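Written below as structure tokens is the structure these notes are about.
The values are calculated or read from the model by the stated rules, or taken from the named source; none is laboratory data. Because the structure is a prediction, the values reported are computed rather than measured. Don't worry about glycine lacking a Cβ; one is built from the backbone with ideal geometry, like all the others, and counts go over all protein chains shown. Ligands, DNA and RNA are excluded from the accessible area calculation, which covers all protein heavy atoms including side chains. Shrake-Rupley method; radii C 1.70, N 1.55, O 1.52, S 1.80 Å.
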Amino acid sequence: MNVLLIGPPGSGKGTQGERLAQRLGLRHIAAGDLLRAEVAAGSSLGREARQYMDRGELVPDELIIDLLMPVVIKAGQDGGYLLDGFPRSVAQAYEARRLAQQEGVGADAVIYLDAPRDELVERILARAKVEGRADDTPDVVRTRLAVFDEATAPLVDYYRGRGLLHVVNAARPADEVTAGILSVLGLDDDAIDA
Ligand code: AMP
């Protein structure tokens, strides 16, 4: 199975992505983590991406597609992927779909983690104290939320139109969100244990 996890900053994509991937035996691919690894390694891709990431903007499509799609295709061929943080725009979704379909590894389901704005801001600021991410400062968080509204939110209608979308309420404890996702995928605890 190939699953996409989309949602605004602070909606819990990373946490849920990790849990679900483990639970479902899928490879967890987190776009932001792969980008941060490139930045930490000081690669030329990382150096270019960093300017955008530090401002809270999306890195250019070509860069993220070149970085992610080989990993996504391999994971799809190896038993399935749980992709979090990509695509983040309709243009990325078109290109990712084109490349994935060529290899027979298109997405089977899309989960949208939905939460009210004040809850998201509270979570991001709490995370900032623990993780110290460069892009968790109040100004950059504002930009990331605005970028989500403008570029990423249109994916909700795009995937709804393709009949792949499941909206899950992410404004509750992580265990309940995980259970909610498994349930909309038709994979609740009983089904998995069976
Ligand atoms: P995240 O860890 O998912 O919040 O991503 C951190 C940052 O990485 C974002 O604010 C963007 O600058 C960049 N990024 C992550 N995923 C993408 C993507 N699909 N397209 C463009 N930029 C991305």
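Are there DSSP H segments in the chain that both extend 20 Å or more along their axis (alpha-carbon positions) and score a mean Kyte-Doolittle hydropathy of at least -1.0? List them, or say none.
The qualifying helices are 61-77, 117-131.
Using only the heavy atoms of the protein chains and a 1.4 Å probe, how would THR143, THR152, THR15 rank by accessible area, largest first? Walk me through the numbers on the way to the answer.
Details: THR143 50, THR152 10, THR15 75 Å².
Result, largest first: THR15, THR143, THR152.
Roll a 1.4 Å probe over the protein heavy atoms and report the accessible area of ARG117 in Å², nearest 10.
Looks like 100 Å² after rounding.
Suppose each label sits 7 Å from its Cα in the direction of the beta carbon; what would the GLU48-ARG97 distance come out to in nanometres?
2.6
For region 58-194, rounded, prolate or oblate, judged on the Cα gyration tensor with a ≥ b ≥ c (square roots of eigenvalues), a/c < 1.5 rounded, else prolate if a/b > b/c?
Numbers: a/c = 1.72, a/b = 1.15, b/c = 1.50.
Verdict is oblate for region 58-194.
If you wrap region 101-175's Cα atoms in a convex hull and average its projection over all directions, what's the area in nm²? Let's see the in-between values first.
Details: hull surface 27.6 nm².
Mean projected area of the Cα convex hull: 6.9 nm².
Determine, for each peptide in 79-87, 63-71, the mean count of other beta carbons within 10 angstrom over its residues, then list the peptides with the highest first.
So the order, starting with the most tightly packed, is 79-87, 63-71.
With a 1.4 Å probe and every protein chain kept in, tell me what percent of the accessible surface of region 18-68 is carbon plus sulfur.
45
How many Å² of accessible area per residue for the chain, probe 1.4 Å?
Each residue of the chain exposes 49 Å² on average to a 1.4 Å probe.
I need the Kirkwood Rh of region 4-139: take the reciprocal of the average 1/r across all distinct C-alpha pairs and report it in angstrom.
It works out to 15.6 Å.
Once label points are set 7 Å from the Cα along Cα→Cβ at both ARG55 and ARG142, what is their separation, rounded to one decimal in nm?
1.6
Around GLU95, what is the net charge, scoring Lys/Arg as +1 and Asp/Glu as -1 over all other residues with Cβ under 13 Å from its Cβ?
Once all neighbours under 13 Å are counted, the net charge is 0.
Once fully extended, how much extra length lies between ASP157 and GLN77, figured as 0.36 nm per residue of separation less the alpha-carbon to alpha-carbon distance?
Length gained, ASP157 through GLN77: 26.0 nm.
Once you place label points 7 Å from the Cα toward the Cβ at ASP149 and ASP33, how far apart are they in nm?
The two pseudo-label positions are separated by 3.0 nm.
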